[in-house]
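No lab work stands behind these numbers, since they all come straight from the coordinates. The shown structure was predicted, so the numbers you read here are calculated from the model rather than taken from an experiment. Neighbour counts are summed over all protein chains in view; Cβ atoms, including those assigned to glycine, are modelled from backbone coordinates with ideal geometry.
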């Protein structure tokens, strides 16, 4: 049995049963246990998952690549220590691979988008894959709205530096500034235009910029 470990590999049909998540992050509703034994173990941080290869490789380009590039054709274990969102984010992506309905919300879209991008869950591997669905939610429900953009931006802080590397932080910041200008909001929120210009926000650093947006918003509401 072989083992593959993934450190900083750059990013380059589904069944509905069989996924046994780590007991430390199981939800109240347990996954159904399949009659078919799992053939792939994946370690994400300190959590361990047991899967079937087919649902994962049908939607994740990264996992497919790891298995194809492994010298051992009987590879049975993969260690992926740097998944954005950690075990919880990975579990949501795995559920999606198994055909479970994963609801995208304002509170989880950043994690889903980053995890899907990391795992290469793109349209190249499956129609309406997770990255495309998260992208659609961002465009339709988050970026047009200042408060939603700010909320998601705050959640990006826990996903740094990956959320910045894939341009998610920058998109949210620009959407906030652009919408503030378009809507001609109250003078407090218009400080975005002076304290936080679109072209110069990179000089603050992603983490400081996220906090600055939150402070400006609080000032505007007070």
Spin-label model distance (nm) - residue 74 vs residue 46, 7 Å beyond Cα toward Cβ: 3.3
Gain upon complete extension [residue 170, residue 58; 0.36 nm per residue less C-alpha separation]: 37.3 nm
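What ranking of 154, 117, 52 emerges when the number of other C-beta atoms within 10 Å of each C-beta is taken as an exposure proxy, fewest first?
Working: 154 16, 117 23, 52 19.
Exposure proxy ranking, most exposed first: 154, 52, 117.
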Quick shape check on segment 101-169: root eigenvalues a ≥ b ≥ c of the Cα gyration tensor, a/c under 1.5 is rounded, otherwise prolate if a/b tops b/c, else oblate, and it reads oblate
Expected sort for 158, 122, 115 with the fewest Cβ neighbours (10 Å cutoff) up front is 158, 122, 115
Label-point separation, residue 88 to residue 132 (7 Å along Cα→Cβ), nm: 2.9
